Amino acid sequence: VTNEETGQSYTVTAIGESAFFYFQDLIAISIPNTVTSIGDYAFKNTPLVSITFEENSNLQSLGWEVFFWCSNLSSVEIPSSINNLNHNTFNGLEKVYYAGTVEQFLSISMDYYFDYQNHILTSYSIYVKDENGEYYLMKDSGILSDNTVVLTNAVFKIGSNMFQNLENIETVYFD
């Protein structure tokens, strides 16, 4: 990034909290490989249609609700360098593609949350490449029914406080 007034160049290493929150002119963005974190709400409620990450991305962390209410953005491919995903990061997206291996994916720290309106334990549909470079569904949501929770075999980790404030839960099944 270059300051137009001074001509000074800067290397972008992070996108801060609410950096583009509700910025209605943002349609597409390419994240440079120098960025290591994207803060909470960074692109929340923008009309983004496309987001790409430069090759050899060093992105490690995506904050809370980064792409929340980005209704024009149907999918995103996150780089294999990611090691932390937070609450509601991809809420509203149809698909999240992960560029790394299954082993890398399993090592990512992820928070799950309870979606009170839809009565599901949300963990997003994430697709991972296999050894042939083809994407396949790696994980999907858990399901809540009345006072029972069923966690599908695709749910690998249960985040902190996942069942907090769910007083009616009596039974948890692992499918």
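Results for (1) surrounded by fewer than 18 Cβ atoms within 10 Å (Cβ to Cβ); (2) aromatic (F, W, Y), shown as yes or no for each residue.
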residue	(1), (2)
F20	no, yes
F23	yes, yes
N33	yes, no
T52	yes, no
S71	yes, no
E77	yes, no
F105	no, yes
- Item | Checking T6 against (1) outside any loop (DSSP other than H, G, I, E, B); (2) farther than 25 Å from N132 by Cβ, the condition it does not meet | (1)
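Those residues that are surrounded by fewer than 19 Cβ atoms within 10 Å (Cβ to Cβ) and assigned to a loop (DSSP other than H, G, I, E, B), I need them from the stretch 54-63; list them, please.
Of all residues in the stretch 54-63, those surrounded by fewer than 19 Cβ atoms within 10 Å (Cβ to Cβ) come to 54-56, 58, 60-61.
Answer for the stretch 54-63, where residues must be surrounded by fewer than 19 Cβ atoms within 10 Å (Cβ to Cβ) and assigned to a loop (DSSP other than H, G, I, E, B): E54, E55, N56, N58, Q60.
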- Item | The one condition in (1) in contact with a Pro (Cβ under 9 Å, 6 or more places away or on another chain); (2) aliphatic (A, V, I, L, M); (3) within 18 Å of F90 (Cβ to Cβ) that I38 fails to fulfil | (1)
- Keeping to the stretch 79-103, report how many residues are free of Cβ contacts under 8 Å to residues at least 12 places away in the same chain and surrounded by 14 or more Cβ atoms within 10 Å (Cβ to Cβ). 0
- Search the stretch 35-50 for residues being polar (S, T, N, Q) and in a loop (DSSP other than H, G, I, E, B), and hand back the single one that is least open to solvent (accessible area, probe 1.4 Å). T46
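The values are calculated or read from the model by the stated rules, or taken from the named source; none is laboratory data. Every value quoted in this text rests on a predicted model; they were computed, and no experiment measured them. Because the Cβ atoms are built from the backbone with ideal geometry, glycine has one as well, and the counts that use them run over all protein chains shown. Ligands, DNA and RNA are stripped out before the accessible areas are found, and what is left, the full protein with its side chains, is counted by its heavy atoms. Shrake-Rupley method; radii C 1.70, N 1.55, O 1.52, S 1.80 Å.
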